[in-house]
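Every number here is computed from the coordinates shown, using simple stated rules; none is lab data. Being a predicted model, the structure only gives us computed values, none of them experimental. Methodologically, a virtual Cβ is constructed for each residue, glycine included, from the backbone with ideal geometry; neighbour enumeration extends over all protein chains shown.
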Amino acid sequence: MNFSSVDFLLSVHSLKQLPIPDLPEVAFAGRSNVGKSSLINKLVARKNLVKVSGRPGKTQGLNFFQVADEFYLVDLPGYGFARVSKSMQNSWQDLISSYLETRETLKCVVVIMDIRHEPKKMDGQLLQWLREQSITILPVYTKIDKLSGSKRQKNASLLDAGHGIKSSERVLFSAKTGQGRDELIVRLSAVLQP
Ligand SMILES: Nc1nc2c(ncn2[C@@H]2O[C@H](COP(=O)(O)OP(=O)(O)OP(=O)(O)O)[C@@H](O)[C@H]2O)c(=O)[nH]1
Ligand SMILES: [Mg+2]
């Protein structure tokens, strides 16, 4: 996986703006502020490719990044952010679910969860819905730099149990230290394999 050429392509706010499905793609989903954009920056080793913020709701629209002539990475807006209006939340959800359901070149959804948090209902709902759609899921528990080794393992097990995830399936990650990056690349390479 070669990240020497990564470019922002476009931000999609309605289905008809989606780029022609000419390359395989991977989407990144998770609650607001969980660290989706930070993970993408770390993955492609570019500090400021994607805007990151301490304020939830930073990413709006589906942001497409093109990696060489090989694939797209899609940064999705976060869910579960109470301060955007209900109607706004619903239109986001409609766009994202239609995209996920219909995108023929979508190879995998990376579902990102905060290692410090207990299993969250909305993450559970997303995981269940993706399983029902037979969409390949790659769970990632992020911000592991914020927990020491034993607490990290304990919380990872709680998330595994709460969401029906096998420990061999998920990747532990830190956008701060880069831990888990190599493993993430191995997993993504496997799903992007033609
Ligand atoms: N310590 C630590 N902080 C992180 C990590 N990942 C993200 N953060 C911080 O968490 C905050 C949110 O990060 P973003 O990457 O903007 O999160 P997001 O999921 O894209 O947020 P939205 O676009 O609002 O949904 C920022 O302050 C990041 O610096 C991590 O692995 N470790
Ligand atoms: Mg973001």
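If you bin all the Cα-Cα distances of the stretch 6-192 at 10 Å, starting from zero, the percentages per bin are 9, 40, 39, 12, 0.
Between P19, S98, N33, the Cα set farthest toward the positive side of the dipole of the chain (charges on each charged residue's Cβ, about the Cα centre) is that of N33. Between G30 and Y79, I112, the built amide H atoms are under 5 Å apart, and every one of these is 5 or more places off in sequence or on another chain. DSSP finds beta bridges in the stretch 6-192, and of those with both partners inside it, around 35 percent are antiparallel.
According to the calculation over all Cα-Cα pairs in the stretch 138-180, the P(r) per 5 Å bin from zero is 6, 25, 33, 25, 11, 1 %. Highest-first packing order for the peptide set 148-154, 12-18 is 12-18, 148-154, based on the mean count of other beta carbon atoms within 10 Å.
For the stretch 97-160, the alpha carbon convex hull comes to 85 Å³ per residue, rounded to a whole number.
Only Cα sites of the stretch 1-49 enter the Debye sum here, all with the same form factor; the resulting log10 I(q)/I(0) across q = 0.21, 0.24, 0.25, 0.32 1/Å is -1.00, -1.19, -1.23, -1.27, listed in q order.
For V74, V186, V67, V191, what ranking results if the residue with the fewest other Cβ atoms within 10 Å of its Cβ goes first? Write down the numbers at each step before the final one.
On the way: V74 26, V186 11, V67 21, V191 14.
Going from sparsest to densest Cβ surroundings: V186, V191, V67, V74.
Among 26-32, 167-173, 100-106, sorting by the average number of other beta carbon atoms lying within 10 angstrom of each residue, highest first, gives 26-32, 167-173, 100-106.
The H on the amide N of V12, modeled in the peptide plane, is under 5 Å from the matching H of L62, N63, F64, each at least 5 residues off or on a different chain. Annotation: lysines with alpha-carbon distance below 20 angstrom to K51 (same-chain offsets under eight excluded): K36, K42, K143, K176. For D22 and S168, the FRET efficiency from 1/(1 + (r/R0)^6), where r spans their Cβ atoms and R0 equals 41 Å, is about 0.80.
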